[in-house]
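The values are calculated or read from the model by the stated rules, or taken from the named source; none is laboratory data. Fair warning: this is a prediction, and the values are worked out from it, not measured in the lab. We place every Cβ from the backbone using ideal geometry, glycine too, and count neighbours over all the protein chains shown.
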Amino acid sequence: MSRSETVWIVDDDRSIRWVLEKALQQEGMTTQSFDSADGVMSRLARQQPDVIISDIRMPGASGLDLLARIREQHPRLPVIIMTAHSDLDSAVASYQGGAFEYLPKPFDVDEAVSLVKRANQHAQEQQGLEEVPALARTPEIIGEAPAMQEVFRAIGRLSHSNITVLINGESGTGKELVAHALHRHSPRAASPFIALNMAAIPKDLMESELFGHEKGAFTGAANLRRGRFEQADGGTLFLDEIGDMPADTQTRLLRVLADGEFYRVGGHTPVKVDVRIIAATHQNLETLVHAGKFREDLFHRLNVIRIHIPRLADRREDIPTLARHFLGRAAQELAVEPKLLKSETEEYLKNLPWPGNVRQLENTCRWITVMASGREVHISDLPPELLSLPQDSAPVTNWEQALRQWADQALARGQSSLLDSAVPSFERIMIETALKHTAGRRRDAAVLLGWGRNTLTRKIKELGMKVDGGDDDDGDEG
């Protein structure tokens with residue numbers, strides 16, 4: 001960026017404005033700061049910057065209000081929306097409003113500077129974005145964890161699109177919820193969303209269920225029946241557990257995706273449909289392809305955009321919020337007062353393995369609502385199966401005690417210079433675990449560890465760790 005390029009910073013937090021001002025000025029940019037969106041709106045009538053970076057929630061007009069005004073009057077001006085409220089609504093609303101990027105707080109300053117540079121470059125290369133009116137928003141997917149922020153970003157970026165999406169994740173992670181969100185925030189939102197679980201349909205009824213049948217097509221077909229494809233015409237068809245689809249049905253599905261038409265069972269007239277496909281699976285489709293159990297050409301048709309839903313064990317920080325949500329919903333369904341988790345109970349739940357993921361947590365909260373005797377939920381009030389974990393699955397709640405025991409044993413064996421090996425091992429484990437929880441995103445992993453991104457990059461090099469992806473930039477931290 002040249003020195004003539006101007007960046008406006010909009011945030012009611014003075015410290016955020018100051019940090020961004022200093023960082024951007026060091027890169028040769030001219031900055032101007034505002035503590036409210038209202039001031040920016042009046043200034044835009046007289047002057048226009050190259051990039052705006054704005055908070056989303058401020059007194060008076062919000063960042064989204066500002067974004068809408070800019071899209072109307074200055075559609076080529078890139079806007080970066082930042083917020084400490086990292087939820088799906090904020091991400092989707094930002095992207096649907098035409099934001100260049102969504103930046104959840106706390107953010108790495110170097111990352112923010114890099115984003116501003118990319119925004120300006122993008123503005124020079126592109127002709128601008130169309131204004132897209134914001135949809136009515138209601139809370140739907142809960143998640144503050146970095147891995148869930150990736151899901152929110154994907155939904156936001158796909159909100160203008162009809163493209164095919166493949167969702168993968170373990171059973172109970174919420175794949176259908178993500179499919180609903182993709183539909184609700186798409187151009188097809190006003191049209192039907194039809195879901196079909198491949199694993200729940202008998203093989204001999206699969207084609208009739210998908211494509212419908214003509215009257216008299218087989219014994220018992222007393223009337224014409226429209227299948228799920230016709231029901232979803234103009235909207236979205238969600239095919240859950242796509243890996244369980246029989247081979248002959250895979251062939252028919254491939255033809256529909258290629259031609260946009262099909263024949264009902266027993267029919268001779270082609271039926272044309274306009275349907276967006278969202279597929280989901282808990283299986284590894286690449287493995288099924290290599291084993292000859294899933295068509296490779298169909299896999300490539302479905303695998304246009306892939307969204308991975310993390311396990312609940314990989315987003316433990318979301319467990320208390322999810323539990324409160326499910327307890328509130330269960331209380332509403334049963335018309336009772338919602339239960340309240342004690343802090344030690346929340347901590348205990350955070351450390352459980354949760355093989356059934358979010359669905360298991362939801363069912364646990366229903367059980368608690370019915371079975372716990374008092375309003376406050378103690379650890380002893382939890383379901384028996386959560387209190388009798390196998391020893392190898394039991395949560396490690398006192399790592400300091402385990403470390404002390406290790407040190408005692410090492411010293412008793414006559415070892416010395418313990419810190420020379422213990423500290424690098426500790427840092428390596430912490431880095432590996434943080435990267436696992438952030439799907440390899442170094443910036444987010446650094447936040448979890450309390451480091452800057454450059455510190456994390458330096459540590460990875462010092463420890464000789466082999467880490468896929470990320471940025472190997474070794475610049476100094478300010």
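Apart from one condition, Thr164 fits all of (1) buried (at least 19 other Cβ atoms within 10 Å of the Cβ); (2) at pLDDT 85 or above; (3) of a type in the set (Ser, Thr, Tyr); the exception is (1).
Hey, among Ala93, Ala123, Ala84, which residue is under 12 Å from Arg153 (Cα atoms), aliphatic (A, V, I, L, M) and at pLDDT below 85? Answer to the check: Ala93.
Among the listed residues Gln121, Gln32, identify the single one that is surrounded by fewer than 20 Cβ atoms within 10 Å (Cβ to Cβ) and touching a strand residue (DSSP E or B) at 6+ places or on another chain (Cβ under 9 Å).
Among Gln121, Gln32, only Gln32 is surrounded by fewer than 20 Cβ atoms within 10 Å (Cβ to Cβ) and touching a strand residue (DSSP E or B) at 6+ places or on another chain (Cβ under 9 Å).
Of all the numbered requirements in (1) surrounded by 13 or more Cβ atoms within 10 Å (Cβ to Cβ); (2) at pLDDT 85 or above; (3) more than 27 Å from Pro104 (Cα to Cα), Ser380 misses one, and that requirement is (1).
Of all the criteria given as (1) in contact (Cβ under 8 Å) with a residue 40 or more places away in the chain; (2) over 20 Å from the mean Cα position of the chain (by Cα); (3) surrounded by 15 or more Cβ atoms within 10 Å (Cβ to Cβ); (4) not in a strand (DSSP E or B), the one not satisfied by Thr251 is (3). Does any residue in the stretch 328-349 that is within 12 Å of Cys365 (Cα to Cα) come within less than 7 Å, Cβ to Cβ, of a residue that is among the acidic types (Asp, Glu) and part of a loop (DSSP other than H, G, I, E, B) six or more places away or on a different chain, and which pairs are these? Matching pairs, first to second residue: Ala331/Glu337.
Do the conditions hold for Trp8, that is, is it surrounded by 23 or more Cβ atoms within 10 Å (Cβ to Cβ), more than 24 Å from Ala181 (Cβ to Cβ) and either in the same structural domain as Arg442 (by the TED database) or touching a strand residue (DSSP E or B) at 6+ places or on another chain (Cβ under 9 Å) (or both)? Even if it seems obvious, please write down each step before you answer.
Values: surrounded by 23 or more Cβ atoms within 10 Å (Cβ to Cβ): yes; more than 24 Å from Ala181 (Cβ to Cβ): yes; either in the same structural domain as Arg442 (by the TED database) or touching a strand residue (DSSP E or B) at 6+ places or on another chain (Cβ under 9 Å) (or both): yes.
In short, yes.
In this structure, Pro270 does not qualify as surrounded by fewer than 18 Cβ atoms within 10 Å (Cβ to Cβ) and in contact (Cβ under 8 Å) with a residue 24 or more places away in the chain.
Within the stretch 8-47, the set of residues being of a type outside the set (Asp, Glu), in contact (Cβ under 8 Å) with a residue 24 or more places away in the chain and assigned to a loop (DSSP other than H, G, I, E, B) comprises Gly28, Met29, Ser36.
Any idea which residue in the stretch 217-248 is farthest from Pro187 (Cα to Cα), counting only those that are part of a helix (DSSP H, G or I) and among the small types (Gly, Ala, Ser)? Of everything passing the filter in the stretch 217-248, Ala247 is farthest from Pro187 (Cα to Cα).
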